[in-house]
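Written below as structure tokens is the structure these notes are about.
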Amino acid sequence: MVDPTLQSLFDEVVARNPGEDEFHQAVREVLDSLTPVAGKHPEYASVIQRLCEPERQIIFRVPWVDDSNTVRINRGFRVEFNSALGPYKGGLRFHPSVYLGIVKFLGFEQIFKNALTGLPIGGGKGGSDFDPKGCSEGEVMRFCQSYMTELYRHIGEYTDVPAGDIGVGGREVGYLFGQYKRITNRYESGVFTGKGMAWGGSQVRTEATGFGTVFFVEEMLKASGQSFDGRRVVVSGAGNVAVHAIEKVHQLGGTVVACSDSSGYVVDEEGIDLGLLRQVKEVERGRMADYVERRGQGAHLVSDGSIWDVPCDVALPCATQNELDERAASALVHNGCLVVAEGANMPTTPAALAVLREAGVRFGPGKAANAGGVATSALEMQQNASRDSWSFEYTENRLGEIMRGIHDRCLETADEYGMPDDYVAGANIAGFTHVADAMLAFGVI
Ligand code: NDP
């Protein structure tokens, strides 16, 4: 890091949070971008230090009973990172890889992402090392109820508003919200987002992260005089973000030729059959092999390779953190990829980002590119607060406007600090200054 004050701040973060590699990586990326800000605005130094320390970290036991009557114990987390701009806001992740370092990296990123949307939401994140894969409906329900039996005392419409993330979709949100309602005896719709349409959800929330990522890329392409029309696109993942990214790319005239899950990736030169993919993944909770088997000729499965070897114009990592490494970035560059944008949180390693930058590939960081999900969550909160419900078309237009606003804010800020076209610097600096100004106004709290 060029700035010695920022370097010593980073060293302190590493020393105070040992073993939390993903959190260190997320902090480092932001601090790297803040060098020109620190030079221009020394008053921000103490804010940066405070920002790296969560306001509150909650870790709790989640006991539940499985179908064979065995008592199981998982660990629950909620990190309430920063509430300068509004209630803590960020999803819950249920995945065996979850530990404090993952939740902190996600919560830290969420602060800047939420600030970038321009909406009144702070940053937080939570989850558990629970693995829903292979669990029965009853087991998932009992786990969610036990998780909420502790979490309910920490959340609220004006305090902390969770949503979904990996492993937490509509089904889990239903069980979690149902238990919150039961314990508190309050129909407090604004305490959770990603709810079902019948009970306080918003149109477009399910689609928002994937759609928003594609809207963001559309702006990136426009900025260099291009469009999605006729483009080959590769999307990793086959979950909520990936499926809706695929849908929007196809609507805009591109063709998604590959997608994946943790069992491998499928190449389908005709374009991924979205109806079949959703049937296999969302209804049957099956694997990519099931898609290939049903799709027949033309599609094939690769179970031990990298999806980034598939030639494409646009690459959208939409699965998980650090899934696109240096070798993958080199393959994308070699195959002439024009744009990479992160539907997932931190899917690109720092070494991969360096390769893409060096080659002049336009890069949209997750903080900006995938902010459509949380932005639409904030729209869901607005609808809940006013007991209103907006149409799909109106909500999608709002999402489009928000994504265009984020895109322009990134570019304008990057320009202002002398780093034209650097979306990473633009997103980090614009998000940071927005939060930092509020924190300065509040004094030392
Ligand atoms: P889902 O659980 O719906 O889907 C995740 C997908 O990624 C699944 O297909 C999963 O495959 C795949 N995956 C997970 N881990 C790996 C791995 N190690 N290798 C290959 N594939 C993997 O989650 P979401 O779509 O909601 O989230 C995806 C990413 O987007 C995450 O980084 C999340 O933080 C981020 N995000 C999500 C938002 C949202 O609104 N949902 C908002 C903003 C960001 P399998 O089923 O086999 O595990």
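The values are calculated or read from the model by the stated rules, or taken from the named source; none is laboratory data. None of the values given here were measured: they were computed from a predicted structure. Don't worry about glycine lacking a Cβ; one is built from the backbone with ideal geometry, like all the others, and counts go over all protein chains shown. Ligands, DNA and RNA are stripped out before the accessible areas are found, and what is left, the full protein with its side chains, is counted by its heavy atoms. Shrake-Rupley method; radii C 1.70, N 1.55, O 1.52, S 1.80 Å.
Pair-distance distribution of segment 337-445: all C-alpha pairs, bin width 5 Å, starting at 0; shares per bin in whole percent are 2, 11, 16, 19, 17, 14, 11, 6, 3, 1. For segment 119-255, the fraction of 1.4 Å probe accessible surface lying on carbon and sulfur atoms is 47 percent. Projected onto their three principal axes, the Cα atoms of segment 66-136 cover extents of 48, 21, 16 Å, largest first.
For the pair LYS133 and GLU269, a Förster radius of 25 Å applied to the C-beta separation gives a FRET efficiency near 0.25, rounded to the nearest 0.05. Over every Cα atom in segment 170-257, the radius of gyration and the widest Cα-Cα span, Dmax, amount to 17.2, 54 Å. Quick one: grab the alpha carbon gyration tensor of segment 273-413, order the square roots of its eigenvalues as a ≥ b ≥ c, and give me rounded if a/c is under 1.5, else prolate or oblate depending on whether a/b is larger than b/c. Note, shape of segment 273-413 comes out oblate. Along each principal axis, taking the top coordinate minus the bottom one, the Cα set of segment 239-346 gives 34, 31, 28 Å in descending order.
What number comes out for the charge environment of ASP273, summing +1 per Lys or Arg and -1 per Asp or Glu over other residues with Cβ under 14 Å away? Working shown, then result.
Numbers: positive: ARG278, LYS281, ARG294, ARG295; negative: GLU247, ASP268, GLU269, GLU270, GLU282, ASP290, GLU293.
Cβ neighbours under 14 Å give a net charge of -3.
For the pair SER46 and ARG404 in one chain, pulling the backbone fully straight at 0.36 nm per residue adds 125.7 nm over the alpha carbon distance.
Figure legend: label point modelled 7 angstrom from the Cα of TYR99 along Cα→Cβ; residues of segment 35-66 with amide N under 16 Å from it are 59-60. Per the Kirkwood treatment, what hydrodynamic radius in Å, one decimal, follows for segment 125-209 from the mean inverse distance over all distinct Cα pairs? About 13.2 Å for segment 125-209.
So if we plug the beta-carbon distance of GLU53 and GLN297 into 1/(1 + (r/R0)^6) with R0 = 45 Å, what FRET efficiency do we get, rounded to 0.05?
Details: r = 56 Å, r/R0 = 1.25.
In this case the efficiency is close to 0.20.
What net charge is computed for the residues neighbouring GLY194, neighbours being all others with C-beta under 10 Å from the C-beta of GLY194, Lys and Arg scored +1, Asp and Glu -1?
-1
Based on protein heavy atoms only, segment 47-133 ends up with 32 Å² per residue of surface accessible to a 1.4 Å probe.
For segment 11-54, the Cα gyration tensor yields ellipsoid semi-axes of 20, 11, 7 Å (square root of five times each eigenvalue, largest first, whole Å).
Can you give the accessible area per residue of segment 183-231, in Å², using a 1.4 Å probe? Don't jump to the answer; show the numbers that get you there.
Details: 1890 Å² over 49 residues.
Per residue, segment 183-231 has an accessible area of 38 Å².
Charge tally for THR255 (other residues, Cβ to Cβ under 13 Å; Lys, Arg +1; Asp, Glu -1): -4.
Within straight-line reach of LYS367, meaning a Cα separation under 18 Å, sit the following lysines at least 8 residues removed in sequence or on another chain: LYS89, LYS104, LYS113, LYS125. Its alpha carbons considered, segment 10-130 gives a radius of gyration followed by a Dmax of 16.3, 62 Å.
Based on Cα contacts under 8 Å between residues 6+ apart, the chain shows a relative contact order of 15 percent. In a fully extended conformation the segment linking GLN226 and ASP21 would gain 70.1 nm over its present Cα-Cα distance, using 0.36 nm per residue. Taking a ≥ b ≥ c as the square roots of the eigenvalues of the Cα gyration tensor of the chain, is the shape rounded (a/c under 1.5), prolate (a/b larger than b/c) or oblate? Here the chain falls in the rounded category.
Compactness of segment 184-313 is given as radius of gyration and Dmax, 16.7, 54 Å, from Cα positions.
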